[in-house]
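The values are calculated or read from the model by the stated rules, or taken from the named source; none is laboratory data. A quick note: this is a predicted structure, and the numbers were derived from the prediction, not measured. All Cβ positions, glycine included, derive from the backbone under ideal geometry; neighbour counts span all protein chains shown.
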Amino acid sequence: MVQKYKFGKPFPTEAVVEEVALQEGELPYLRVEQGEKLCFSYHLEQEDEVYGLGENVRGINKRGWLYQSCCMDEPNHLEDRHSLYASHNFLVVKGTKLFGVFLDAPGIVTFDIGYTHLDEMRIVFEEPDVMVYVLEGDSILELVKEFRTLIGRSYIPPKWAFGYQQSRWGYKTEEDIYHVAKMHRDNHFPLDSIYLDIDYMERYKDFTIDRERMPHFEEMVKKLKEDHIRLVPIIDAGVKVEQGYHVYEEGIEKGYFCKEQDGKEFVAGVWPGKVHFPDVLNKDAREWFGNQYQFLLEKGVEGFWNDMNEPSIFFAQDRLDRTIDEIAAFKGKNLGLDTFERFMGLVGGLANNTEDFKKFYHQTENGTISHDKVHNLFGYNMTRAAGEAFERLCPDKRILMFSRSSYVGMHRYGGIWMGDNKSWWQHMLLNFKMQPSLNMVGILYTGGDIGGFGADATEDLVIRWTQMALFAPLMRNHSAQGTREQEVYRFDKQGILRDTLNIRYGLLPYLYSEFMKAALRNEMYFKPLSFVYTDDGFASQVEDQLLAGDSVMITPVFVQNARGRYVYLPEEMAMIRFRSLQDYDTKRYPSGHHYIEADLGETLLFVRKNKMLILSEGGEYTDAVKTDYLKVLAFVEDKAEYEWYEDDGMGKDYENPQNIRKITVSADGACACEGRPVRLEVEML
Ligand code: MIG
């Protein structure tokens, strides 16, 4: 059951798509404090667990820290951060009571979840306007489903986007791109796409191509597609200020950029130097910006990633000008510690200064509103611009789209990647833990940069990270220029990496089925153990294992030099230790704690009781993965049933009942697939 309550005059974010009647009277569960700032508080009992907040730092259980919804370009994803790139104000409290709450407020919201006082949660709003949705149900999974129904169906990418993808900030020319393709194909590393980072553009101008570096762009797109490799270009939020640049000139002419109070376009500095931000909160501007993607669509491009859309601001032009003047005053002075710190603060305070958010405005259907009040909606609406445009421009085709910044509601238009992580073991775990929290807010198509974006990766890290990402819908190796190159072909143990990628393609029928069912039924693809094994008193303490889909529990190795790990089994399960798609061993383990070996080249996973994993024979790209033969790895005590989802992977005939086939395995090993000619080979675990 969902109840809606209104405080002040909430901005219509369009996060929620269902009609819900507005309630009068007291907010249930939360105590309302109308002090200097609007605050909701809740007393936490010792057994209470708090889940949610989508993309954020720290654990799956959010207790014990202070989080802030304030989308920020912050590349240091450390424990002392309070926000990352997104704002996902959805929480579930489970313990003495069970309820969910969504705080639909696009300004800055602070969640003190047992930080100031261990046993108190305080949700504080910078702006007094918020629409509150309170959800009730019998389990966390039910609450999540209720919430997901409220916010609408999740974005579904094309099937090729579930293949392995390669990216690096630093591929500059056609030769660079062809080289990456060749190295994968020649060495039989499966691959479905290569990314174009900002260097493909002419001086970082959106919707342009640097013809010196990529004179035959169209031909390259075509040639690579013949080789089953898609090119995925980046689009940045800021539009370069440059006379003669059509996007700039059109935006100015139509008044589609964010303006300051005096009516002049707000000037920020980002990659291209001075930029204006398209006013994506304005319907017409959003349509206009979305239409620009056609420039690349008509060149054969079928996927994009939207970057810098918090929006990231290196500097606001007027603050920079003032700062330069202030800095000049330090010249020739003897800088003591205080003055030196002030000096450093001046420069350090230039980037992403929240004060600058107050200086520009959006012209929305609900009037003019300053950016700080709706800051967290920018990335959402930039990606929405693209998503809405794809619906108009190519309604029958799925286009790959994912964003860096997001708000609840954006999940209908695209996925996200987890931003600028680092080549650190702890970031592998951090990204792992974000997955279920993101699923709670509808973001199913997601993954972090494999191998880490910043800092230098080691070979074993890349191997373990690739293994960890085997079930991530978005499986992309990406890194920053200047860091150690980390494509799979850069390392000695290429056999391990090749075998690992082959496993991914073997898993595709399962992975795709589970993703599609989760999307179409408003369910989670990655689930924490505690969401499923609700009576298990220990499950909530396990945050380095997840259920991936309905059949499998994954238990990656997150520790350097480890040759195995402790695994907690909430019930009897069947282990599979993969070395390759063909070479693996299996063993049943009873419930409880076990130390299980997993050498560098080995990936552990567990099949749940009366469930099965289906495997294809793999392939070097998604289109090569055949499904006329499936290996079925089943752990059957009584009977196992599986719903195998399969469609053309490009169109939108999602609801066709033909897409789902039931596979059944009985205890004697007999196996059948309803209505589809497929050769099944069963292996009883
Ligand atoms: O300021 O386009 O998160 O993936 O490679 C850095 C260059 C801008 C940040 C993205 C990253 C991308 C990089 N971008």
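If I ask for residues that are on the phi > 0 side of the Ramachandran plot and either surrounded by fewer than 15 Cβ atoms within 10 Å (Cβ to Cβ) or assigned to a loop (DSSP other than H, G, I, E, B) (or both), which ones from region 560-586 would you list? The answer is ASN561, and nothing else. Being more than 28 Å from ASP284 (Cα to Cα), crowded, with 20+ Cβ neighbours inside 10 Å, modelled with pLDDT of 95 or more and of a type in the set (Lys, Arg) holds for only one residue in LYS422, LYS373, and it is LYS422. For region 182-219, a residue qualifies if it is over 24 Å from the mean Cα position of the chain (by Cα), more than 15 Å from the ligand (Cβ to nearest atom) and crowded, with 21+ Cβ neighbours inside 10 Å, and the qualifying residues are HIS184, MET214, PHE217.
Taken as a whole, the structure leaves GLU326 outside the set of residues that are surrounded by fewer than 14 Cβ atoms within 10 Å (Cβ to Cβ), of a type in the set (D, E, K, R) and either within 16 Å of the ligand (Cβ to nearest atom) or closer than 30 Å to GLU391 by Cβ (or both).
For region 133-157, filtering for residues that are hydrophobic (A, V, I, L, M, F, W, C) and over 19 Å from the mean Cα position of the chain (by Cα) leaves 6.
When only residues in region 151-176 that are assigned to a helix (DSSP H, G or I) and surrounded by 23 or more Cβ atoms within 10 Å (Cβ to Cβ) count, which is nearest to the ligand (Cβ to nearest atom)? Top of the filtered list is ALA161.
Here is a yes/no grid of residues against (1) assigned to a loop (DSSP other than H, G, I, E, B); (2) of a type outside the set (Val, Ile, Thr); (3) crowded, with 19+ Cβ neighbours inside 10 Å; (4) touching a residue at least 40 places away in the same chain (Cβ under 8 Å):
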residue	(1), (2), (3), (4)
GLU33	no, yes, no, no
GLU45	yes, yes, no, yes
TYR51	no, yes, yes, yes
CYS71	yes, yes, yes, yes
HIS77	yes, yes, yes, yes
ARG81	yes, yes, no, no
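Can you tell me which residue is surrounded by the most Cβ atoms within 10 Å (Cβ to Cβ) among those in region 483-495 that are touching a strand residue (DSSP E or B) at 6+ places or on another chain (Cβ under 8 Å) and part of a loop (DSSP other than H, G, I, E, B)? Looking at the filtered set, the residue picked out is GLN486. Pairing each residue of region 544-560 that is in contact (Cβ under 8 Å) with a residue 12 or more places away in the chain with any residue that is assigned to a loop (DSSP other than H, G, I, E, B) and among the hydroxyl-bearing types (Ser, Thr, Tyr), provided the two are 6+ apart or on different chains, yields C-beta distances under 8 Å for ASP544/THR555; GLN545/THR555; ALA548/TYR525; GLY549/TYR525; GLN560/THR458.
Looking only at region 393-407, how many residues end up being within 12 Å of the chain's Cα centre (by Cα) and either within 16 Å of the ligand (Cβ to nearest atom) or among the aliphatic types (A, V, I, L, M) (or both)?
6
Where strands (runs of 3 or more DSSP E) fall wholly inside region 227-312, the ranges with 1 or more residues that are over 26 Å from PRO215 (Cα atoms) and more than 16 Å from the ligand (Cβ to nearest atom) are 273-276. Residues in region 138-149 that are over 15 Å from ILE443 (Cβ atoms), in contact with a strand residue (DSSP E or B) (Cβ under 8 Å, 6 or more places away or on another chain) and in contact (Cβ under 8 Å) with a residue 60 or more places away in the chain: SER139, ILE140, LEU141, GLU146. Regarding ASP104, is this residue crowded, with 19+ Cβ neighbours inside 10 Å, farther than 29 Å from SER423 by Cα, of a type outside the set (A, V, I, L, M, F, W, C) and in contact (Cβ under 8 Å) with a residue 60 or more places away in the chain? For ASP104, the condition - crowded, with 19+ Cβ neighbours inside 10 Å, farther than 29 Å from SER423 by Cα, of a type outside the set (A, V, I, L, M, F, W, C) and in contact (Cβ under 8 Å) with a residue 60 or more places away in the chain - is met.
With respect to ARG498, is the statement that it is more than 18 Å from PRO473 (Cβ to Cβ) and surrounded by fewer than 23 Cβ atoms within 10 Å (Cβ to Cβ) true? It is true that ARG498 is more than 18 Å from PRO473 (Cβ to Cβ) and surrounded by fewer than 23 Cβ atoms within 10 Å (Cβ to Cβ). Counting just the residues of region 651-685 that are more than 18 Å from LYS631 (Cα to Cα) and out of contact with any helix residue (DSSP H, G or I) (no Cβ under 7 Å at 6 or more places or on another chain), which one comes out surrounded by the most Cβ atoms within 10 Å (Cβ to Cβ)? Ranking the qualifying residues of region 651-685, first place goes to ASN659.
To keep it simple, each residue is scored yes or no on (1) of a type in the set (A, V, I, L, M, F, W, C); (2) more than 16 Å from the ligand (Cβ to nearest atom); (3) touching a residue at least 60 places away in the same chain (Cβ under 8 Å); (4) part of a helix (DSSP H, G or I).
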site	(1), (2), (3), (4)
LEU461	yes, yes, yes, yes
PRO473	no, yes, yes, no
GLN481	no, no, yes, no
LEU497	yes, yes, yes, yes
